[in-house]
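Engineer: My questions all concern the structure below.
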Amino acid sequence: MKITGYLSEFSMAEIFRFLEQGHKTGCLSIKPVEDPNEIPAFPLADEYYIFFNHGNIAAATTTLDHQGLQRLLEKRGWLRSTTVKKILPLCPVNISMGLCLKSQGAIDAEHLQLLFKQQVLSPIPQLFSIKEGLFKFDDQHPLPHWEMTGLSASPMEITLAGLRLLRDWVPLMDKLPLSTSTIVSTVQGKPPYHLNAVEWQVWEHINGDLSIANIAKVTNLPVLEAQKICFRLMVIGVAEEVAGISEPSTNKTEQEPEKTELSQSFLDGLLNFLKSKKG
Amino acid sequence: MEIMRIVVTGPVGAGKSTFIRTISEIEVVDTDRKATDETADLKAQTTVAMDFGRLQFGPNVALHLYGTPGQERFDFMWDILIRKAHAFILLVGSHRPQDFRAARRILAFMRYRTKIPMLIALSHSDIPNSWAEEDIAIALGYPSPHNRPPIVRVNALDQSSVASTIVALIETYAQEQAKQLNSIGGKL
């Protein structure tokens, strides 16, 4: 399976939600499309590669030379690449390099966590500020075991971090829920992610009774800020926008469907008629 | 007169008007107007109120098909149409992932107002780079195959394909109705 598109059409947050919810394994590549009239928020690489293992982020690189993790180890002065190359043959094939080095006592769990932070947890949230880019997800791409620490991160948690960092929301403005819409929870109980204080505040009011504009009022937030928070809750899959309901209807009869049940003979007749059209 | 009302909904350009025109036995009553906003990039005419088609299959029995406008600014029409519907079809273009967000919003709009049977019909599945059925289901918010509505492929220009889609919806409706009857029977 290969999926391609532009971030302006299918945002990074939506891609991450799709890959996590679909428990996908493979490589997501993102090639930024730079606007010559704008200075990017951070120096952009030519291409980014994010590796997913059963819906979780297992590694991230900017090259496909399988040397990224070794470069990080060397840069930190922990292990030379010659040493790494001597240790790797001692481990079974298809084990991540990080776990291999740990099992041989070359590095410890804390080293792995720091490497993973530098490789995945810190850089990927920055990618949410890429305004336009071509993305491709390839589920046939093998997992790069030499780039993997053995740790993984939830794309939803990364999405939350990325969208909290985002300063320029212009590319996402048309994707935000409308201020007149209501937001309803799609999960039982509390969200399984780490929300911050203001996100919890908004979460407390997303019961489908208040429009986003009214949630903003009761939480003393600017309406746009409430829309951004609701967007965050939506893209991590814990809430859904219901457009067109600014206030709940109090007129019970208006809510009841104005229709009658259909008889079995009617349904049988209609099915026979349509089946004749199927030819 | 016994009438079944089916609403055909979905994002702009999914093929709703075509779907109804293909199967209706009367000249479809449409409210297409020249598109003046971003929709004009996609097609010259767009539905602003509704499409209406009919299939009369006996002296006092008919199927009515209502196509909603795709644009959200006409969502008051979605509301009016869905309240009287017995079932609905969400038509989604498999080749337009940028519209999955809109499809999801329409779905949430409908599901919040009604619990009537529905199915998802995927158009343009034969186009290169169109998404696979399983991936579209995930993108529309149905990650679990055990908890999703029926999904069928449809060619909105082909009468047989449209008829098959409506048959699938009616069968879903009949199953739901039977379940409800059983549940009432069980309580008595």
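Engineer: Can we say A:Ala13 is open to solvent by less than 30 Å² (accessible area, probe 1.4 Å), aliphatic (A, V, I, L, M) and over 25 Å from A:Leu176 (Cα atoms)? Give the steps one after another, and end with the answer.
Structural biologist: Details: open to solvent by less than 30 Å² (accessible area, probe 1.4 Å): yes; aliphatic (A, V, I, L, M): yes; over 25 Å from A:Leu176 (Cα atoms): no.
Answer is no for this residue.
Engineer: Does B:Thr31 satisfy the condition of being surrounded by 16 or more Cβ atoms within 10 Å (Cβ to Cβ), modelled with pLDDT under 80 and either among the polar types (S, T, N, Q) or more than 23 Å from A:Ser181 (Cβ to Cβ) (or both)? Can you show your working first?
Structural biologist: Numbers: surrounded by 16 or more Cβ atoms within 10 Å (Cβ to Cβ): yes; modelled with pLDDT under 80: yes; either among the polar types (S, T, N, Q) or more than 23 Å from A:Ser181 (Cβ to Cβ) (or both): yes.
So B:Thr31 fits the description; yes.
Engineer: For residues that are assigned to a loop (DSSP other than H, G, I, E, B), in contact with a helix residue (DSSP H, G or I) (Cβ under 7 Å, 6 or more places away or on another chain) and within 11 Å of chain A (Cβ to nearest Cβ), scanning just region B:118-151, find the one that is modelled with the highest pLDDT.
Structural biologist: Taking region B:118-151 and keeping what is assigned to a loop (DSSP other than H, G, I, E, B), we get B:124-132, B:140-150.
Next cut, in contact with a helix residue (DSSP H, G or I) (Cβ under 7 Å, 6 or more places away or on another chain) only: B:131, B:140-141, B:143, B:148, B:150.
Subset that is within 11 Å of chain A (Cβ to nearest Cβ): B:131, B:140-141, B:143.
Working: B:Trp131: 92, B:Leu140: 95, B:Gly141: 92, B:Pro143: 91.
Among them, the one singled out is B:Leu140.
Engineer: Also, I was wondering about something else. Based on what the data block shows, is B:Thr165 among the polar types (S, T, N, Q), buried (at least 17 other Cβ atoms within 10 Å of the Cβ) and at pLDDT below 90?
Structural biologist: Working: among the polar types (S, T, N, Q): yes; buried (at least 17 other Cβ atoms within 10 Å of the Cβ): yes; at pLDDT below 90: no.
Criteria not met by B:Thr165.
Engineer: When you check A:Thr61 against the structure, is it of a type in the set (S, T, N, Q) and closer than 21 Å to A:Leu114 by Cα, yes or no?
Structural biologist: On the way: of a type in the set (S, T, N, Q): yes; closer than 21 Å to A:Leu114 by Cα: yes.
Yes: the conditions hold for A:Thr61.
Engineer: So A:Gly77 clears everything in (1) open to solvent by 20 Å² or more (accessible area, probe 1.4 Å); (2) touching a residue at least 60 places away in the same chain (Cβ under 8 Å); (3) not in a strand (DSSP E or B); (4) not charged (D, E, K, R) except one condition, right? Which one?
Structural biologist: (2)
Engineer: Additional query: Among the numbered criteria (1) within 11 Å of chain A (Cβ to nearest Cβ); (2) open to solvent by 40 Å² or more (accessible area, probe 1.4 Å); (3) more than 27 Å from B:Glu27 (Cβ to Cβ), which one does B:Ala108 miss?
Structural biologist: So B:Ala108 meets the others, but not (2).
Engineer: Right, next: Can you tell me which of A:Gln119, A:Gln104 is closer than 29 Å to A:Thr4 by Cα and at pLDDT 90 or above? Spell out the reasoning first.
Structural biologist: Details: A:Gln104 fails: closer than 29 Å to A:Thr4 by Cα.
None of the others qualify; the one that does is A:Gln119.
Engineer: Any idea which residue in region B:154-188 is nearest to B:Tyr66 (Cα to Cα), counting only those that are in a loop (DSSP other than H, G, I, E, B) and away from every other protein chain (no Cβ under 11 Å)?
Structural biologist: Just the residues of region B:154-188 that are in a loop (DSSP other than H, G, I, E, B), to begin with: B:154-158, B:188.
Retained after the next criterion (residues that are away from every other protein chain (no Cβ under 11 Å)): B:154-157, B:188.
Working: B:Val154: 17, B:Asn155: 18, B:Ala156: 15, B:Leu157: 17, B:Leu188: 37 Å.
Looking at the filtered set, the residue picked out is B:Ala156.
Engineer: Please find, within region A:170-216, the residue that is most open to solvent (accessible area, probe 1.4 Å) out of those that are aliphatic (A, V, I, L, M) and assigned to a loop (DSSP other than H, G, I, E, B). Outline the logic, then answer.
Structural biologist: Step one: list which residues in region A:170-216 are aliphatic (A, V, I, L, M), which gives A:170, A:172-173, A:176, A:178, A:183-184, A:187, A:195, A:197-198, A:202, A:206, A:210, A:212-213, A:215-216.
Next, only the ones that are assigned to a loop (DSSP other than H, G, I, E, B) stay: A:176, A:178, A:187, A:195, A:206.
Values: A:Leu176: 9, A:Leu178: 74, A:Val187: 45, A:Leu195: 21, A:Ile206: 9 Å².
Here the answer is A:Leu178.
Engineer: Please go through (1) of a type in the set (A, V, I, L, M, F, W, C); (2) away from chain B (no Cβ under 14 Å); (3) open to solvent by less than 50 Å² (accessible area, probe 1.4 Å) for A:Leu165 and return the number of the only condition it doesn't satisfy.
Structural biologist: Unmet for A:Leu165, out of (1) of a type in the set (A, V, I, L, M, F, W, C); (2) away from chain B (no Cβ under 14 Å); (3) open to solvent by less than 50 Å² (accessible area, probe 1.4 Å): (3).
Engineer: Of all residues in region A:16-42 being out of contact with any helix residue (DSSP H, G or I) (no Cβ under 6 Å at 6 or more places or on another chain), at pLDDT 90 or above and assigned to a loop (DSSP other than H, G, I, E, B), which is least open to solvent (accessible area, probe 1.4 Å)?
Structural biologist: Selected residue: A:Lys24.
Engineer: Could you check, for region A:228-237, whether at least one of its residues is touching a residue at least 60 places away in the same chain (Cβ under 8 Å), surrounded by fewer than 22 Cβ atoms within 10 Å (Cβ to Cβ), at positive phi and of a type outside the set (Phe, Trp, Tyr)?
Structural biologist: There is at least one residue in region A:228-237 that is touching a residue at least 60 places away in the same chain (Cβ under 8 Å), surrounded by fewer than 22 Cβ atoms within 10 Å (Cβ to Cβ), at positive phi and of a type outside the set (Phe, Trp, Tyr).
Engineer: Assess whether A:Gly150 counts as being surrounded by 19 or more Cβ atoms within 10 Å (Cβ to Cβ) and assigned to a loop (DSSP other than H, G, I, E, B). Talk me through it step by step, then tell me what you get.
Structural biologist: On the way: surrounded by 19 or more Cβ atoms within 10 Å (Cβ to Cβ): yes; assigned to a loop (DSSP other than H, G, I, E, B): yes.
Yes; evaluated as a whole, the condition is true for this residue.
Engineer: Let me confirm something: among B:Arg96, B:Arg83, B:Arg113, which residue is under 22 Å from A:Lys24 (Cβ atoms) and either among the hydrophobic types (A, V, I, L, M, F, W, C) or open to solvent by 30 Å² or more (accessible area, probe 1.4 Å) (or both)? It would help to see each step written out before you state the result.
Structural biologist: Values: B:Arg83 fails: under 22 Å from A:Lys24 (Cβ atoms); B:Arg113 fails: under 22 Å from A:Lys24 (Cβ atoms).
Being under 22 Å from A:Lys24 (Cβ atoms) and either among the hydrophobic types (A, V, I, L, M, F, W, C) or open to solvent by 30 Å² or more (accessible area, probe 1.4 Å) (or both) holds for just one of B:Arg96, B:Arg83, B:Arg113, which is B:Arg96.
The values are calculated or read from the model by the stated rules, or taken from the named source; none is laboratory data. As the structure is a prediction and not an experimental result, all values here were calculated from the model. Here the Cβ is made from the backbone with ideal geometry for all residues, glycine too, and neighbour counts use every protein chain on show. In case anyone asks, the SASA skips ligands and DNA or RNA and just uses the protein heavy atoms, side chains included. Shrake-Rupley method; radii C 1.70, N 1.55, O 1.52, S 1.80 Å.
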